[in-house]
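Scroll down for the structure; my scribbles are underneath it.
The values are calculated or read from the model by the stated rules, or taken from the named source; none is laboratory data. This one's a predicted model, so the numbers in the text were calculated from it and none came from an experiment. Positions of Cβ are backbone-derived with ideal geometry, glycine not excepted, and every protein chain shown enters the neighbour counts. When the accessible area is computed, the model is the full protein with side chains, heavy atoms only, and any ligands, DNA or RNA have been set aside. Shrake-Rupley method; radii C 1.70, N 1.55, O 1.52, S 1.80 Å.
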Amino acid sequence: DMRRTIVVHTKLAGHIARVDAARAGAHGVQILTMGQMAARLAGGFLAPIDLDNLRDAVREALPEANLGEIENIKTLPGMVRAAVSTLDKVWRADIDLSSSSHPRLQALAALERQVLSRLPPSMKKPRVLVDLACARLAYAPAVLGPIEIHGHSEMPVCWRPLVKTLSAVVPIT
């Protein structure tokens, strides 16, 4: 069997796919999320930002980040959870906060800079992983092989350029 990659949407879907692959005696199958697949192709010891590390970084960054007009809400209960969810959604939508002139988006950009500086250097946001992975496209047949994408009824915007460029070098279903 040659190497092939199954891309799943959630951790649970990953566990189910691993059990199915084991029961089928499938060899050379790697089961990854889109972020893990991008990191794998990008190389080195890179990884997508996981929510636990993001939550810790947001918790540390909030007291020091200057949030401008929303400064007064940063100590309210639920702010860490809201900031984590917002950053995750912004990254998946592939929105560049640094170029905005809106005060609230500038506040979010300030928080993002603080958060990214607190994450391990190996953890990259989706846009960075996609750019690095696309630069190593020639390795996709060996590193990933044919790709099956399961359970993504709506592919997040950030991953679409990677899927599009990969489709030129490996079969994707």
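Going by amide H atoms built from the backbone, whose H comes under 5 Å of the H on residue 149, apart from near neighbours?
Here 7, 173 satisfy the definition.
Give me a comma-separated list of calculated 3J(HN,Hα) values for region 28-37, in order, Karplus coefficients 6.51, -1.76, 1.60 applied at θ = phi - 60°, integers in Hz, x for any Gly or Pro.
Once θ is set to phi - 60°, the couplings for region 28-37 become x, 9, 10, 10, 9, 7, 4, x, 5, 5 Hz.
With +1 on the Cβ of every Lys and Arg and -1 on the Cβ of every Asp and Glu, and nothing else charged, how large is the dipole of region 39-173 about its Cα centre, in debye rounded to the nearest 20?
About 180 debye.
Name the GluC sites (Glu not before Pro) in region 82-169 that are in a loop by DSSP and that have at most 15 other C-beta atoms within 10 Å, would you?
154
Expressed as a rounded percentage, what relative contact order does region 58-132 have, with Cα pairs under 8 Å and six or more residues apart?
44 percent
Non-local amide H neighbours of residue 124 (under 5 Å, H modeled in plane, Pro and chain starts lacking H): which ones?
Result for residue 124 returns 47, 49.
For the pair residue 101 and residue 79, what calculated FRET efficiency results from E = 1/(1 + (r/R0)^6), where r is the Cβ-Cβ distance and R0 = 22 Å, to the nearest 0.05? Present the calculation step by step, with values, prior to reporting the outcome.
Working: r = 24 Å, r/R0 = 1.08.
After rounding, the FRET efficiency stands at 0.40.
For region 86-103, in order, what is each residue's ³J(HN,Hα) by Karplus, 6.51 cos²θ - 1.76 cosθ + 1.60 with θ = phi - 60°, in whole Hz (x at glycine and Pro)?
Each residue of region 86-103 in turn: 5, 4, 4, 5, 4, 5, 5, 7, 6, 9, 8, 6, 5, 9, 8, 9, 6, x Hz.
Mean separation of Cα pairs under 8 Å and 6+ residues apart, divided by the residue count of region 119-173: what relative contact order is that in percent?
On the way: 35 pairs, mean separation 27.3, N = 55.
Relative contact order here is 50 percent.
Please compute the per residue accessible area over region 1-73 with all protein chains in place, 1.4 Å probe, rounded to a whole number of Å².
Per residue, region 1-73 has an accessible area of 59 Å².
If a paramagnetic tag sat 7 Å from the Cα of residue 113 along the Cα-Cβ line, which residues of region 45-82 would have the backbone N under 17 Å from that point?
The answer is 58, 61-71, whose backbone nitrogens lie closer than 17 Å to the label point.
What aspartates and glutamates does residue 164 reach when the alpha-carbon gap must be under 16 Å and sequence neighbours fewer than 8 apart in one chain are set aside?
94, 131, 148, 154
List the lysines whose Cα lies under 20 Å from the Cα of residue 11, skipping any in the same chain that are fewer than 8 positions away.
Hits, sequence-local ones excluded: 89, 124, 125.
Of the residues 119, 76, 12, which exhibits the maximal mean-square fluctuation in a Gaussian network model of the chain defined by a 10 Å Cα contact cut-off?
In the Gaussian network model the winner is 76.
For the chain, give the percent of accessible area contributed by carbon and sulfur heavy atoms, probe 1.4 Å, rounded to a whole number.
The computed percentage sits at 57.
Could you work out the relative contact order of the chain? I mean the mean sequence separation of Cα pairs under 8 Å and 6+ apart, divided by the number of residues, in percent.
It rounds to 32 percent for the chain.
Subtracting the Cα-Cα distance from 0.36 nm times the residue separation, let me have the gained length for residue 23 to residue 135 in nm, one decimal.
Numbers: separation 112, 0.36 × 112 = 40.32 nm, distance 3.56 nm.
Once the chain is fully extended between residue 23 and residue 135, it gains 36.8 nm.
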